[in-house]
């Protein structure tokens, strides 16, 4: 009996394939960073591009907790709610500026042409992931979308990648995962995927900096 291969694109996305979304499919990390930095400054929380790269793939609540602790700020339920309300508003106001990462999207289109099942496995919120995929026209390429709300454990736990493979009806061992973050790469390996590809080494990848 032959196995179906799968591609997952996540930020971590699937190409059976699985893939990540932000920073893997979409050149959106700059806008996310500005949203985080703009919001964090209002709460005396310090954030740098280096910290965003270091912590990329962490669930957003955990990311806020780490950054706040480093800045000596206590995160109350009220602060958490106000922080993410403000950040989400900023991001959605600029979401139409998001562009695709061409070298990765070429892989997506090639997979679609071959009839490969593909999924997105992202640690981001469904609201932001769907906005990004819809505005860039990528949504129709994917048969399944897994977001942060869909799993109990964020990266480097394999939950999102395993759920993406399950939704595609494919064996994780036959899947290729694409990621831009170290935690996401580890999550792909922990899920037992056939191959984990670091998209930051692809030609023309837009690296995040403070410049």
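The values are calculated or read from the model by the stated rules, or taken from the named source; none is laboratory data. Everything numeric here is computed off the predicted structure, so don't read it as measured data. As a convention, Cβ positions derive from the backbone with ideal geometry for all residues, glycine included, and neighbour counts pool all protein chains shown.
Within region 92-104, identify whether any single residue is more than 22 Å from residue 209 (Cα to Cα) and either in contact with a strand residue (DSSP E or B) (Cβ under 7 Å, 6 or more places away or on another chain) or touching a residue at least 12 places away in the same chain (Cβ under 8 Å) (or both), and answer yes or no. No - not one qualifying residue is present in region 92-104.
A count restricted to region 40-86 and to residues that are part of a helix (DSSP H, G or I), touching a helix residue (DSSP H, G or I) at 6+ places or on another chain (Cβ under 9 Å) and over 26 Å from residue 20 (Cβ atoms) stands at 3.
Taken over region 36-61, the criterion of being in contact (Cβ under 8 Å) with a residue 24 or more places away in the chain and farther than 18 Å from residue 180 by Cβ is satisfied by 38, 39, 40, 42, 43, 44, 45, 46. Determine, yes or no, whether residue 191 is crowded, with 18+ Cβ neighbours inside 10 Å, under 24 Å from residue 49 (Cα atoms) and modelled with pLDDT of 95 or more. So residue 191 does not fit the description; no.
Among the criteria (1) closer than 22 Å to residue 54 by Cα; (2) surrounded by fewer than 21 Cβ atoms within 10 Å (Cβ to Cβ); (3) in contact with a helix residue (DSSP H, G or I) (Cβ under 6 Å, 6 or more places away or on another chain); (4) at pLDDT 90 or above, the one residue 208 does not fulfil is (4). Please work out which one of (1) crowded, with 16+ Cβ neighbours inside 10 Å; (2) modelled with pLDDT under 95; (3) within 25 Å of residue 53 (Cα to Cα) is the condition residue 159 fails and give its number. If we test residue 159 against (1) crowded, with 16+ Cβ neighbours inside 10 Å; (2) modelled with pLDDT under 95; (3) within 25 Å of residue 53 (Cα to Cα), just (2) comes out false.
Among the residues of region 1-39, those identified as surrounded by fewer than 24 Cβ atoms within 10 Å (Cβ to Cβ), over 16 Å from residue 209 (Cα atoms), touching a helix residue (DSSP H, G or I) at 6+ places or on another chain (Cβ under 6 Å) and modelled with pLDDT under 95 are 3, 5.
Do we have any residue at all in region 61-81 that's more than 17 Å from residue 30 (Cα to Cα) and either within 14 Å of the chain's Cα centre (by Cα) or modelled with pLDDT under 95 (or both)? Checked against the condition, which is being more than 17 Å from residue 30 (Cα to Cα) and either within 14 Å of the chain's Cα centre (by Cα) or modelled with pLDDT under 95 (or both), region 61-81 yields at least one hit. What about residue 107, is it surrounded by 19 or more Cβ atoms within 10 Å (Cβ to Cβ) and closer than 21 Å to residue 32 by Cβ? Criteria not met by residue 107.
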